[in-house]
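A short write-up of the structure that comes next.
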Amino acid sequence: MVNLLSVKDLKIGATVYPPGEKPHDIEIVKGVSFDLEPGMVLGLIGESGAGKSTIGLSAMAYGRGGVKITGGEVWLNDRDILKGGVRGLRALRGAEVTYVAQSAAAAFNPAKKLMEQIVEATLEHGRASRSEAEARAVELFRKLGLPNPETFGERYPHQVSGGQLQRAMTALALCPQPDLVIFDEPTTALDVTTQIDVLSAIKEAIRDTGVAALYITHDLAVVAQVSDHIMVLRHGEMVEYGTTDHIINTPQEEYTQALVSVRSIEHEEKAPAGDPLLKVDGVTARYRGTNFDVLKNINVELYQGQTLALVGESGSGKSTMARAITGLLEPTQGSIHFAGRTLSHYLANRSKEDLRELQMIYQMADVAMNPRQTVGTIIGRPLEFYFGLTGAEKRKRIIELLDEIELGEGFMDRYPAELSGGQKQRVCIARALAAKPKLIICDEVTSALDPLVADGILKLLLNLQKIENVAYLFITHDIATVRAIADSIAVMYQGNVVRYGQKSQVLSPPFDDYTDLLLSSVPEMELGWLERVVSSRKMVSAGN
Amino acid sequence: MKNIPISALIGLFFTGLYFLTALLAPWIAPYGMGEIVGDVWEPSSSEYLLGTDSIGRDLLSRMIYGGRTTIFIATAATILSFVTGSVLGFLAAVVGGWIDQVLSRFVDLMMSIPTLIFALVVLSVTPVTIPMLILVMGLLDATRVYRLARAVAVDINVMDYVEAAKLRGEGRGWIIFREILPNALSPLVAELGLRFIFMVLFLSTLSFLGLGVQPPEADWGGIVKENKEGIVYGIPAAIVPAVAIATLAISVNLVADWVLNRTTSLKGGRGG
């Protein structure tokens, strides 16, 4: 069969402007080749910086930002599109090749109705008349399982949910009846429970329309559900290429094997012992100026040296719980007991000891550290603030902490901008540890990281728990993370704890409907998982 | 620092020149500030490089001393407006609540009155001395700085690292000066240049209207005023200070533009 898309020895470069150095060129993609037959789906997978989006976008001869295609050929429908000139590209983009972005919320124009935006490219290229295009769009809405397909296009982007918007974007891409669609992390920004609906809608739409697709993602389990072939990328080079079955079940390269076996940390749960370190007693909370309870009568306990995982989708109130415990949001009812004391509801009334023993690690390590302070200052400040350490003593302790987080002394004078995502998160962990806390609240600490890096962070946290006997309140939406780290679990849904207990107990049947939905929505590294799950679900997500 | 654009180089050169002249005025100026050395409105000659003014003083010497006054007052007023404006702005952003409300509404009130008219009213009831001028100009301009500082700080204040500092139990002083200030510096520095230019123009306007620097002292605006009748007779004495004001404003602006570009560029500055 003749190839629809054929990429030969593609090289892509960019000019970087490192502070204090001369701008210079670097190579982002170092000679990648692949073919795509009509109607097939190729998954491009790799961690951030692997060049997967850059390669994907090269299929429409586009380089984002300062990125330039420096070499190679991209053949689409027997034309080298890199030699087509501006006119050729204009005819190509939005007609033969279309694109689905990661954040549909940012990609739609909020001032225009959805239908107008969805048919725009189709009309622009004269691929159909307005009435034909609109009929086609409605048909796509139906296929993608959107509510009220006849009138859906009359809504504005803000009137539909995130999952629906992502499907609307898919309709936008499919409306001109392209030969190739590029999906760039289309489900990454969605909740797991929403992701599964979007994923199955996309998969069905691809199958029904017979379009070919490049599916870019960092999640191997997701790509395994939709693609025929998978290409694993790292540092701009191809690591492994093969059928989905081959990559998932018999990966050859070490890196691919690591990706496939990620999230396989096993953690033996500990039974509650002694008095609880943290006792949240009937806490109800709402944000100022609202009359809606975000937390409704929450009761949970956490023991010294153990981990309680708070699980739920966005909007379930799990981060609000962290804010209530840290004193950033005053509960309207209930009380919080910590280390035998009752914590004041107000941050300002808490003692220095309360503050010291209760530390927090954030999801986005980049914004959790002052970009104008060095790693040494960031870690050193709690030492100085809580223990009055200065000079050589402080320095010695900083180095100890840097060793504990497996970074070492050399990082002391670096700025956050000079660290990778995983290293940043490690520094945040060190900052929390510096206070010698009894409890660390971890708010989605691994969800912004690549799977392998996240794995490293989880192992570090488990290790530190053993050494320091610190308790974690672990907030996450990712069940795999919970399995890896928790001793007890509280499942949250719309401000309530719907299921609470020891890990073994919470994760074994019989399940309530929500826990079942949540557990079954986590993509598994297995072919045909999507179909199996979609057919056996009892309820759909609230965000849908 | 190597790749300074040509426009910024020109700006830096002239700004530096003006500031140096201001600093070294007593050594550079050929005659005294109020010394009458020749006839009225003499044309330029080797003796009087820029000619003489309306009562026969050397214009070049007067320009040099006048520049010193202009730059000194504008600099002092800018510093005053930045210190008060940014400290209050940061405070309002960090503390919030009624302090923010009171300060912000007061600033809104002040800004609703045209600055020039406000300054004219105040200066007509108080003695017009240089400290008074600095105070009035600085405080009036502080309202603008306050708005910018507050807007920048409100954004920074919701960052996780500020929250982390609050959870650590840090005081307001630490949060304002150690967490927020270093990150708010680049927009503020760029604004500093612009505010300085506005100060120069403001002072010149006041002096031209007779409520600025009082004779026999003079700033550039005052020199324009003294020599404005000469324009009718084709005497360039009033044009010289006007050109000086314009070149100073433009060159500081060029520098400020460059600083702004450098610090807000996605590619450099901030990340480091």
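The values are calculated or read from the model by the stated rules, or taken from the named source; none is laboratory data. Predicted, not measured: the structure shown is a model, and the values here were computed from it. For neighbour counting, all protein chains shown are included, and Cβ atoms are generated from backbone atoms with ideal geometry for every residue, glycine included.
Among A:E384, A:E418, which is outside the structural domain of A:Q304 (by TED's automatic domain parsing), at pLDDT below 90 and among the acidic types (D, E)?
Answer to the selection: A:E418.
Looking at A:S319, A:S335, can you tell me which residue is within 14 Å of chain B (Cβ to nearest Cβ), of a type outside the set (V, I, T) and either out of contact with any helix residue (DSSP H, G or I) (no Cβ under 8 Å at 6 or more places or on another chain) or surrounded by fewer than 17 Cβ atoms within 10 Å (Cβ to Cβ) (or both)? Break it down stepwise before answering.
Values: A:S335 fails: within 14 Å of chain B (Cβ to nearest Cβ).
Just a single option satisfies the conditions, and that option is A:S319.
So which pairs qualify, if the first residue must be in segment A:68-96 and in the same structural domain as A:P178 (by TED's automatic domain parsing) and touching a residue at least 24 places away in the same chain (Cβ under 8 Å), the second must be in a helix (DSSP H, G or I) and of a type in the set (D, E), the Cβ gap must be under 8 Å, and the two must be at least 6 apart or on different chains?
A:G94/A:E124
Those residues that are out of contact with any helix residue (DSSP H, G or I) (no Cβ under 7 Å at 6 or more places or on another chain), part of a loop (DSSP other than H, G, I, E, B) and either more than 14 Å from every other protein chain (Cβ to nearest Cβ) or modelled with pLDDT of 90 or more (or both), I need them from segment A:1-47; list them, please.
A:M1, A:V2, A:N3, A:L4, A:E37, A:P38, A:G39, A:M40
When only residues in segment B:153-202 that are farther than 23 Å from A:I440 by Cα and polar (S, T, N, Q) count, which is nearest to the other protein chains (Cβ to nearest Cβ)?
Ranking the candidates gives B:N183 first.
Among the residues of segment A:64-73, write down those that are in a loop (DSSP other than H, G, I, E, B) and surrounded by fewer than 17 Cβ atoms within 10 Å (Cβ to Cβ).
A:R64, A:G65, A:G66
Taking A:I247 and the conditions (1) within 18 Å of A:L5 (Cα to Cα); (2) in contact with an Asp or Glu (Cβ under 7 Å, 6 or more places away or on another chain); (3) among the hydrophobic types (A, V, I, L, M, F, W, C), which numbered condition does it fall short on, given that it satisfies the others?
Of everything listed in (1) within 18 Å of A:L5 (Cα to Cα); (2) in contact with an Asp or Glu (Cβ under 7 Å, 6 or more places away or on another chain); (3) among the hydrophobic types (A, V, I, L, M, F, W, C), A:I247 misses just condition (1).
Yes or no, residue by residue, for (1) assigned by TED's automatic domain parsing to the domain that holds A:V482; (2) part of a loop (DSSP other than H, G, I, E, B); (3) over 21 Å from A:R499 (Cα atoms):
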site: A:I298; (1), (2), (3): yes, no, no
site: A:L302; (1), (2), (3): yes, no, no
site: A:S316; (1), (2), (3): yes, yes, no
site: A:L329; (1), (2), (3): yes, yes, yes
site: A:I336; (1), (2), (3): yes, no, no
site: A:S344; (1), (2), (3): yes, yes, yes
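Would you mind telling me which numbered condition in (1) under 18 Å from A:V311 (Cβ atoms); (2) in a helix (DSSP H, G or I) A:P523 fails?
Evaluating A:P523 over (1) under 18 Å from A:V311 (Cβ atoms); (2) in a helix (DSSP H, G or I) leaves (2) as the failure.
Here are A:L433, A:L355, A:L347: which of them is crowded, with 19+ Cβ neighbours inside 10 Å, more than 23 Å from the chain's Cα centre (by Cα) and either over 30 Å from A:G274 (Cβ atoms) or facing another protein chain (nearest Cβ under 9 Å) (or both)?
That would be A:L355, the only listed residue that is crowded, with 19+ Cβ neighbours inside 10 Å, more than 23 Å from the chain's Cα centre (by Cα) and either over 30 Å from A:G274 (Cβ atoms) or facing another protein chain (nearest Cβ under 9 Å) (or both).
What about A:I485, is it buried (at least 18 other Cβ atoms within 10 Å of the Cβ) and either at pLDDT 90 or above or in the same structural domain as A:H218 (by TED's automatic domain parsing) (or both)?
Answer is no for this residue.
Tell me the residue from A:I405, A:I361, A:I399, A:I378 that is away from every other protein chain (no Cβ under 14 Å) and under 27 Å from A:L277 (Cβ atoms), please.
One residue alone meets the criteria, A:I405.
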